[in-house]
Structure formats: structure tokens, C-alpha cells
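> I have a structure I would like to understand better, so I am pasting it below and will then ask my questions one at a time.
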Ligand SMILES: [Zn+2]
């Protein structure tokens, strides 16, 4: 896609610090890292969100995310890693080309905290039924 910054990185029009590349995916360091080794994994095929994805190709992408996560763990001796994938503006997605954030973690690094659970009373049965029937 012409105006997509990630497609420009794939095409080499914008430089990046590549950590992994094959025919289907590219992984490179996030230029605004929240932790040392913060890496993005993107499909070479342009699609905006998980909602636009072919489930099979998204599955392949996820497999490559696991591969890159292991490389990061081996290289940086992490205590853990966050794998985040935002879809839509409301979720915090900024670049509308599907991507996974791989964020290496150290004990007590204070980088991210998991959001608080919602305080309102939740009707779990109703929500589960609604999603499973969709
Ligand atoms: Zn793109």
C-alpha cells in the first residue's frame, strides 16, 4: 500500500533495524522502544487489522512471532516477554498494517503493568453466548 509506513519499510524505502526476514514476514526494532529489544513483527502482505486477515495467514504470522520471540529471548536473556497486537484506534493501534509488538521484560522493570480488571459486574454467561454465536 502506497502510503503505509510499514510497506515502505518492507520495500526498503524507509530504513529499519531488521532482526528477521523471510518471504512472508519482516521483524525489526521499534523505533520508539518501550524496552531494550522491543521488536515489531509484520506480514509482508498489507492488511490493516485481524478483522481483515485470512485466518490461515494470521496463523502463519503468529508462528513467526513465536520464532522471533525465541530469538529475542536467546539473544537478550529475558525474564519474560509481552506479545501485544492492537486492532483499531480504540485499542491503541497507530499504524494500520497488522503488527505484533514483542517487548522483552526483566523482573521489576516497571515497563508495563497489566490493566486493572473492570470494576463493573460482568454477566459472563451472556458475553460468552454472544461471542460463541457470532
Ligand atoms: Zn502496509
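> Rounded to the nearest 500, what is the chain's calculated 222 nm mean residue ellipticity when only DSSP H runs of at least 4 contribute -39500 (n - 2.57) each, over all residues?
Helix-only estimate at 222 nm: -9000 deg cm²/dmol.
> Sticking with this structure for a sec: Specify the inter-centroid distance of region 1-76 and region 90-118, based on alpha-carbon positions, in whole Å.
Between the Cα centres of region 1-76 and region 90-118 lies a distance of 15 Å.
> Would you mind ranking 58, 28 by Cβ crowding within 10 Å, fewest neighbours first?
So the residues, fewest neighbours to most, are 58, 28.
> I need 41, 111, 19 ordered by Cβ neighbour count within 10 Å, fewest first.
111, 19, 41
> Then there's this: Decide, for region 5-133, between rounded, prolate and oblate: order the square roots of the alpha carbon gyration tensor eigenvalues as a ≥ b ≥ c, take rounded if a/c falls under 1.5, and otherwise choose prolate if a/b is larger than b/c, else oblate.
Because a/c hits 1.5 or more and a/b fails to exceed b/c, region 5-133 counts as oblate.
> Further, regarding this structure: Quick one: order 36, 61 by neighbouring beta-carbon count within 10 Å, fewest to most.
The fewest-first ordering by Cβ neighbours comes to 36, 61.
> Right, here's the next one. Could you tell me how many degrees, from 0 to 90 and to the nearest 10, lie between the Cα long axis of helix 55-76 and the main elongation axis, the longest principal axis, of the Cα atoms of the chain?
Rounded to the nearest ten degrees, it is 70.
> For the Cα atoms of the chain, what angle does the longest principal axis make with the long axis of helix 124-133, in degrees from 0 to 90, nearest 10?
Approximately 60 degrees, to the nearest 10.
> So, one more: So which residue, out of 90, 35, 75, gets the largest mean-square fluctuation from a GNM of the chain using Cα contacts under 10 Å as springs?
So, out of 90, 35, 75, the one fluctuating most is 90.
> At what distance in nm do the modelled label points of residue 111 and residue 21 sit from each other, each positioned 7 Å from its Cα along Cα→Cβ?
Using points 7 Å along Cα→Cβ, the separation is 2.4 nm.
Read-outs throughout are calculated quantities, based only on the coordinates presented, and are distinct from any laboratory measurement. This structure is a prediction, so every number in the text was calculated from the model and none was measured. Cβ sites come from the backbone with ideal geometry, for glycine too, and all protein chains shown count toward neighbours.
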